[in-house]
1. Any idea which of (1) farther than 30 Å from residue 357 by Cα; (2) touching a strand residue (DSSP E or B) at 6+ places or on another chain (Cβ under 6 Å); (3) in a loop (DSSP other than H, G, I, E, B) is the one residue 305 doesn't satisfy?
2. Tally time: how many residues in the range 316-366 are assigned to a strand (DSSP E or B) and either closer than 22 Å to residue 265 by Cα or of a type outside the set (A, V, I, L, M) (or both)?
3. For the range 276-321, give me each residue that is touching a Pro at 6+ places or on another chain (Cβ under 7 Å) and under 16 Å from residue 253 (Cα atoms).
4. Look through the range 11-37, keep the residues that are in a loop (DSSP other than H, G, I, E, B), farther than 13 Å from residue 359 by Cα and in contact with a helix residue (DSSP H, G or I) (Cβ under 9 Å, 6 or more places away or on another chain), and return whichever of them is modelled with the highest pLDDT.
5. When residues of the range 174-194 are filtered for being over 22 Å from the mean Cα position of the chain (by Cα), under 25 Å from residue 121 (Cα atoms) and of a type in the set (A, V, I, L, M, F, W, C), how many remain?
6. For the subset of the range 90-105 comprising residues that are in a strand (DSSP E or B) and either over 13 Å from residue 126 (Cα atoms) or not β-branched (Val, Ile, Thr) (or both), which member is modelled with the highest pLDDT?
7. Say we look at the range 245-297 and pick out the residues that are β-branched (Val, Ile, Thr), closer than 30 Å to residue 201 by Cα and assigned to a strand (DSSP E or B); which of these is farthest from the chain's Cα centre (by Cα)?
8. Is one or more of the residues making up the range 277-291 over 24 Å from residue 322 (Cα atoms) and out of contact with any helix residue (DSSP H, G or I) (no Cβ under 9 Å at 6 or more places or on another chain)?
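The values are calculated or read from the model by the stated rules, or taken from the named source; none is laboratory data. What you see is a predicted model; the values in this text were computed from it and never measured. Methodologically, a virtual Cβ is constructed for each residue, glycine included, from the backbone with ideal geometry; neighbour enumeration extends over all protein chains shown.
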Amino acid sequence: MASGNFPEDVVREILLMLPVKSLLRCKSACKSWYTLITKPSFKSAHFNSNATLKRSHCILVKRVLPEHVPPTESVLSFFNDKINGDDHVPPTEIIIPHFNHFLQMVGPCNGIVCLTDHRDIFLCNPSIRDFKVLPAPSFNYPHGLFSRTLGVGFGFDTHSSEYKVIRIAELYEDDDGDYMFHSVNVEIYDLSTDSWREIYAIVPYVWYFPSSELLFNGHFHWWADDEDHGGESMLSFHISTEIFQQIRLPDVCAFPDGNERAFLVLNESIALLLFNPSQQTYLDLWLMTEYGIADSWTKQFTIGPLVQIEQPLLFWKHELLLEKFNGQLVSYNLKSQALKEFQMYGAQESLRAVAYSESLVSIKGGSDIN
């Protein structure tokens, strides 16, 4: 299929309008198209165009298949842009074998997501079925100390054009079954070198709840202690400068208080949801109206009561996606307050969801995004 009748810039603009699935077929059409589509500059322009125009936007859901006993097989499922469309149309699915019930999904970043069970970590671009298992960290910890993952983060350094995975690890001593906390270690994986390195940083203890880890505004965030104020904080890590910052949470947060926390994005701001799963679940929504400013936390409203809700997952337009106690995906309309059920189930507490824009970016040393 020749493209000689069209100027190269015209061909490029046409191809930029196509979805990833079509572009993968177009790579086989002719040598010139293959060369164009595989250029890093084209991949970057295609992703940025999709993100700007909100083409190819969808919801990416991770779940563990409930029919497997024990539940060990995870699935990534795409929902199209119209969440209120026909939910009987089966979504596109990708099987992720050999990972357990507690698989977390963080990101996405340029179409890549990081998946972890807090032991194994791998990167995935589900648009092009590209996977990479990360090597395990292999540091020489002081004799007698062991390492346990507290939190995992993922992001893109716009200054060095480098993808980074951040692991916050607890070092502890095990004296004949008697656990003794020692310190918190910070380790960073660089995709271009396929290796881990340690950085010196004094960070608080990080706690994990589903949906308590968030990539936003060039920073990654975890739920953490706030020893200075005797409460809780959002621990922020700047992907480029590798500097940590603690952002105090509202004073109503006083762990342990029976509530769970979720960090989501609403109206281009970080939202904090406080909820106590029960038969009648209320979700208090706080918004950080000025990024990084603790005093800007403002309570917006309370959602509920909702029945048998396990956890919130994602704000999508005027909907809040949630997981029910039985592992079913549901949505709550913030305007009509109507609850809608989807015919999608996972093992209990296994659902995660992110807003996703498809991408041609490959997982390799270096970067396709500038």
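1. If we test residue 305 against (1) farther than 30 Å from residue 357 by Cα; (2) touching a strand residue (DSSP E or B) at 6+ places or on another chain (Cβ under 6 Å); (3) in a loop (DSSP other than H, G, I, E, B), just (3) comes out false.
2. 25
3. 282, 283, 286, 297
4. 27
5. Count: 2.
6. 105
7. This residue is 247.
8. Scanning the range 277-291, I find at least one residue that is over 24 Å from residue 322 (Cα atoms) and out of contact with any helix residue (DSSP H, G or I) (no Cβ under 9 Å at 6 or more places or on another chain), so the answer is yes.
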